[in-house]
Amino acid sequence: MTQQGHPKGLYLLFVTEMAERFSYYGMRAVFTLYMVAALFTMDAASEIYGYYTGLVYLTPLLGGYVADRYWGNRRSIVVGGLLMAVGQLLLFLSASVVQPAISEAEGVIDPAVDNQLAIIFMMSGLFFLILGNGFFKPNISTMVGSLYAPDDKRKDSAFTIFYMGINVGATLGPLACGIFEGNYLNPTYFRWAFLCAAIAMLVSTLVFWLLKNKYLRDYQGQPVGTGPTHHEQVQKHPLTRKEKQHIAVIFIIAAFVIFFWAAYEQAGVSLTYFADQQTDRHIFGWEMPTSYFQSFPAIFVVLLAPVMNLVWETLGRFGHEPSSVLKQAFGLAFLSLGYLLIAYGVKDIDPAAKVSMFWLTGLYFLHTLGELSLSPIGLSLVSRLSPKHLASLMMGIWFMSTAVSNMLAGQLATLYPDGSSKSLFGLVEITSLHDFFMVFVVMSGIAAIALACISPVLNRMMKE
Ligand code: GLN
């Protein structure tokens, strides 16, 4: 390890997380399509998707708490990984027993088809995935921070490298699992997508388990994540005023971040419907599978992360690098811009028309600029501000904002226009795609402005 380079442990965490995110995003890319093909209506599928992606990020609270207090990071990651592999295998079983409910000839739902067993397997699979992610996700992120001394300047760049690992996985997962995109005539074809996700999860856990003892050490060469950090620490040091303020900053920023992910996470749901039904996906005569669109943000992250790092570095050289808090506000602003672009693109189009891929691609490009400004910087911020004995729990709190967002995302996606009358809290009528996208423009725009306004106060709280 050199001062410029990074400890080898970072690359082990990179690979472990890359394979896990491959599995998570690979499954997610086909999940709503699977449900809609055989099991549920579009609105019901949106809601289930929202609950699933919401709960997946709520259990990190539990996983963070258990790791700090009892198990340590390493054991939590192995347990979480195995639980998620079981979850993916149950989805594989679900898609193995599912039967087509709509016959091609008649085009109507056949009431004789009973897919109860497929639904039971699917729901139990989701349960295992939700629990497993709780043990895995906060702990792997905490471990990135614990490879470094608390004040090590390399932390931001370490989290950006780790974030690239996340997104290499998130790029390849949908591409690989998307190959096995079934349809309502052949829903069992989806089973190979879920099997592919299960294998990736097993690989992730195995690699971590085999190499953890060799590489996961802190800057003094001591093993990290082997046991609880909570007990002896808390009896020695009750929380100081400064620590309490830092925790408050994490909570406040996490609350704003809810508005980011609620709009961003439309990717797997309403934006997938949009890609499926209203986007012309032909490139030189080849029709791209709908689920491939979900790889776009991840590909953009991998391409743009070094560019963003360079931008911050250059601004820093001239003394103009925005504070971490302001970067979160920029993230929200880019998100708003992305929806503004697509709202313009779909204005006054015929509901049966298909628009160019440019609009969705442009939206994902802008969203990625926002994500890079907000997400890895946020992880690094949490790692810097958390008291050591609460580090994993605070990661859990950070991910809790994603949980709330995802639940909200599923609800907001039910506003996606389908010809029936829809309204936002009974206040605003949503009659077109334009109206639908404008909801997100306004929501994230207001959050961006509000956060930018209070950023000086938060910066002071972080310093004191
Ligand atoms: N896309 C990132 C990941 O999958 C961030 C998720 C989040 O924090 N909501 O890890």
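The values are calculated or read from the model by the stated rules, or taken from the named source; none is laboratory data. This is a predicted model, so every value here is computed, not measured. Cβ sites come from the backbone with ideal geometry, for glycine too, and all protein chains shown count toward neighbours.
Assorted remarks:
- Boolean, VAL355 is over 20 Å from LYS155 (Cα atoms), touching a helix residue (DSSP H, G or I) at 6+ places or on another chain (Cβ under 9 Å) and within 14 Å of the ligand (Cβ to nearest atom): no
- Of the criteria (1) part of a helix (DSSP H, G or I); (2) at pLDDT 90 or above; (3) within 16 Å of the ligand (Cβ to nearest atom); (4) of a type outside the set (Ser, Thr, Tyr), which one LEU58 fails: (1)
- Boolean, TRP312 is loosely packed, with under 13 Cβ neighbours inside 10 Å and either over 25 Å from LEU433 (Cα atoms) or of a type in the set (Phe, Trp, Tyr) (or both): no
- Of all residues assigned to segment 99-116, none qualifies as being at pLDDT 90 or above and buried (at least 24 other Cβ atoms within 10 Å of the Cβ).
- Selected residue [modelled with pLDDT of 90 or more and in contact with a helix residue (DSSP H, G or I) (Cβ under 7 Å, 6 or more places away or on another chain)] from TYR364, TYR344: TYR364
- Residue within segment 427-447 that is over 25 Å from the mean Cα position of the chain (by Cα) and under 19 Å from GLU47 (Cβ atoms) present: yes
- Among (1) closer than 26 Å to LEU62 by Cα; (2) within 16 Å of the ligand (Cβ to nearest atom) - the single one PHE127 does not satisfy: (2)
- For segment 265-275, the condition of being under 30 Å from VAL457 (Cβ atoms) and either away from the ligand (no atom under 16 Å from the Cβ) or surrounded by 14 or more Cβ atoms within 10 Å (Cβ to Cβ) (or both) holds for at least one residue.
- The set of residues from segment 295-331 being more than 16 Å from the ligand (Cβ to nearest atom) and of a type in the set (A, V, I, L, M) comprises VAL307, LEU310, VAL311, LEU315, VAL325, LEU326, ALA329.
- Subset of segment 208-240 that is at pLDDT 90 or above, among the hydrophobic types (A, V, I, L, M, F, W, C) and outside any loop (DSSP other than H, G, I, E, B) - its residue that is surrounded by the most Cβ atoms within 10 Å (Cβ to Cβ): PHE208
- Residue list for segment 176-193, restricted to those being within 15 Å of SER295 (Cβ to Cβ), more than 16 Å from the ligand (Cβ to nearest atom) and touching a Ser or Thr at 6+ places or on another chain (Cβ under 8 Å): GLY178, GLU181
- Here ILE397 fits the description: more than 11 Å from the ligand (Cβ to nearest atom) and either at positive phi or in a helix (DSSP H, G or I) (or both).
- Members of segment 370-387 that are in contact with a Pro (Cβ under 8 Å, 6 or more places away or on another chain) and away from the ligand (no atom under 13 Å from the Cβ): ARG384
- Where a residue in segment 256-270 is hydroxyl-bearing (Ser, Thr, Tyr) and its partner, wherever it lies, is more than 13 Å from the ligand (Cβ to nearest atom) and not in a helix (DSSP H, G or I), with Cβ under 6 Å and at least six apart: SER270/TYR416
- Near pairs, Cβ below 7 angstrom, 6+ apart or cross-chain, from segment 420-446 (β-branched (Val, Ile, Thr)) to any residue that is surrounded by fewer than 13 Cβ atoms within 10 Å (Cβ to Cβ): ILE430/SER423
- Qualifying residue in segment 10-23 (condition: surrounded by 24 or more Cβ atoms within 10 Å (Cβ to Cβ) and aromatic (Phe, Trp, Tyr)): yes
- Contacts under 8 angstrom Cβ, first residue in segment 212-229 being over 19 Å from ASP68 (Cα atoms), partner in a loop (DSSP other than H, G, I, E, B) and of a type outside the set (Ser, Thr, Tyr), 6 or more apart: TYR215/PRO7; TYR219/PRO7; TYR219/LEU147; TYR219/ALA149; TYR219/ASP152
- Among the residues of segment 24-51, the ones that are within 14 Å of the ligand (Cβ to nearest atom) and either surrounded by fewer than 24 Cβ atoms within 10 Å (Cβ to Cβ) or of a type in the set (Val, Ile, Thr) (or both) come to 0 in all.
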